[in-house]
Amino acid sequence: MNEKQLYKYAFGLALFTIVYNVLEAVFALYFGAEDESLSLFGFGIDSLIEVISGLGIAHMVIRIRQNPVSNRDNFERTALRITGISFYLFTAGLILSAIVTFVEGHKPETTFWGIVISLISIAFMWALIWGKTYVGKRLNSEAILADAACSRTCVYMSLVLLASSGIYALTQWPFIDGIGALGLAVFSFTEGRECFEKAKSNQLCGCGCSCKD
């Protein structure tokens with residue numbers, strides 16, 4: 001593929017990420033509420049927040065296609081701040097909800113859909129990471145490679161959902177759903193902090209990589 005085709009591929013991956021997160025949110029929120037699973041419902045809210053982040057990434061691809069050495073613009077910084085605030089609010093909500101489930105001894109009706117959705121998410125996220133890494137290397141774009149690296153957090157959150165859902169399915173231990181929600185809260189807080197760090201600078205990724213403009 002030539003450079004023009006690679007940028008189209010990168011933009012297509014960004015759009016696909018947005019559409020996928022919308023669909024994932026719909027199913028996770030529905031089945032999370034239906035099955036009374038806090039971790040699955042929380043996973044759905046995270047997917048909604050990722051849609052906002054995805055809009056910023058799609059805009060980033062357009063920006064670097066026009067000028068590969070340009071810095072993050074106001075649209076991206078605003079999207080990052082909104083995403084960061086959303087993650088912080090989400091973290092607080094997860095912690096409070098988990099405390100309530102512990103006190104009340106609440107347990108899900110089933111975690112079957114948590115297992116199914118987490119497995120699908122892991123497969124799709126790894127495919128997206130591979131695709132973003134592929135195009136990032138060929139365009140020699142640190143911005144796209146940084147986005148691919150930061151997408152790993154979505155895989156980790158899927159693994160938390162899979163672990164909590166799987167353990168509950170095997171043991172019926174009532175507290176594991178709340179523990180899974182707290183696990184999501186840890187990653188959510190980290191993502192929120194990274195969003196604000198990126199919004200304040202031209203650092204490409206706050207997830208541990210050293211890539212910079």
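Out of 209, 154, which single residue is at pLDDT below 95 and either crowded, with 21+ Cβ neighbours inside 10 Å or under 12 Å from the mean Cα position of the chain (by Cα) (or both)?
154
Assess whether residue 141 counts as being under 30 Å from residue 10 (Cα atoms) and either of a type outside the set (A, V, I, L, M) or in contact (Cβ under 8 Å) with a residue 60 or more places away in the chain (or both).
Working: under 30 Å from residue 10 (Cα atoms): yes; either of a type outside the set (A, V, I, L, M) or in contact (Cβ under 8 Å) with a residue 60 or more places away in the chain (or both): yes.
Considered against the rule, which asks whether it is under 30 Å from residue 10 (Cα atoms) and either of a type outside the set (A, V, I, L, M) or in contact (Cβ under 8 Å) with a residue 60 or more places away in the chain (or both), residue 141 comes out as yes.
Listed here are the residues, each with its yes/no results for (1) open to solvent by 30 Å² or more (accessible area, probe 1.4 Å); (2) under 18 Å from residue 62 (Cα atoms).
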site: 129; (1), (2): no, no
site: 132; (1), (2): no, yes
site: 143; (1), (2): no, yes
site: 175; (1), (2): yes, no
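Which residues, counting only those in the stretch 161-173, are open to solvent by 10 Å² or more (accessible area, probe 1.4 Å) and not hydroxyl-bearing (Ser, Thr, Tyr)?
162, 163, 166, 167, 169, 170, 172, 173
What tally of residues in the stretch 18-40 results from selecting those that are open to solvent by 20 Å² or more (accessible area, probe 1.4 Å) and among the hydroxyl-bearing types (Ser, Thr, Tyr)?
Residues that pass the stated criteria total 2.
Would you point out which residue out of 124, 112 is open to solvent by 20 Å² or more (accessible area, probe 1.4 Å), farther than 30 Å from residue 1 by Cβ and either of a type outside the set (Lys, Arg) or at pLDDT below 95 (or both)?
None of the others qualify; the one that does is 112.
Of all the residues that make up the stretch 57-72, how many are modelled with pLDDT under 90 and within 15 Å of residue 151 (Cβ to Cβ)?
Going through the stretch 57-72 one residue at a time, the tally reaches 0.
Exactly one of these conditions fails for residue 65: (1) open to solvent by 80 Å² or more (accessible area, probe 1.4 Å); (2) under 22 Å from residue 180 (Cα atoms). Give me its number.
Going through the list (1) open to solvent by 80 Å² or more (accessible area, probe 1.4 Å); (2) under 22 Å from residue 180 (Cα atoms), residue 65 breaks only (2).
It is to be established whether one or more residues within the stretch 101-119 are among the aromatic types (Phe, Trp, Tyr), out of contact with any strand residue (DSSP E or B) (no Cβ under 6 Å at 6 or more places or on another chain) and within 16 Å of residue 47 (Cβ to Cβ).
Filtering the stretch 101-119 for residues among the aromatic types (Phe, Trp, Tyr) gives 102, 112-113.
In the following step, the residues that additionally are out of contact with any strand residue (DSSP E or B) (no Cβ under 6 Å at 6 or more places or on another chain) were identified as 102, 112-113.
Then keep just the ones that are within 16 Å of residue 47 (Cβ to Cβ); that gives 113.
Within the stretch 101-119 (the criterion being among the aromatic types (Phe, Trp, Tyr), out of contact with any strand residue (DSSP E or B) (no Cβ under 6 Å at 6 or more places or on another chain) and within 16 Å of residue 47 (Cβ to Cβ)), the answer is yes, since at least one residue qualifies.
Filter the stretch 181-206 down to residues that are open to solvent by 80 Å² or more (accessible area, probe 1.4 Å) and either outside any loop (DSSP other than H, G, I, E, B) or at pLDDT 90 or above (or both), then give me how many there are.
Going through the stretch 181-206 one residue at a time, the tally reaches 3.
Kindly indicate which of 75, 43 is open to solvent by less than 40 Å² (accessible area, probe 1.4 Å) and either within 21 Å of residue 146 (Cβ to Cβ) or assigned to a helix (DSSP H, G or I) (or both).
Only one candidate qualifies: 43.
Could you please find all residues in the stretch 1-40 being polar (S, T, N, Q) and in a helix (DSSP H, G or I)?
5, 17, 21, 39
The values are calculated or read from the model by the stated rules, or taken from the named source; none is laboratory data. All figures in this text were calculated on a predicted structure; none of them were measured in a lab. Here Cβ is always computed from backbone atoms with ideal geometry, including for glycine, and neighbour counts include all displayed protein chains. Just so you know, the surface numbers come from the protein's heavy atoms only, side chains and all, with ligands and any DNA or RNA stripped out. Shrake-Rupley method; radii C 1.70, N 1.55, O 1.52, S 1.80 Å.
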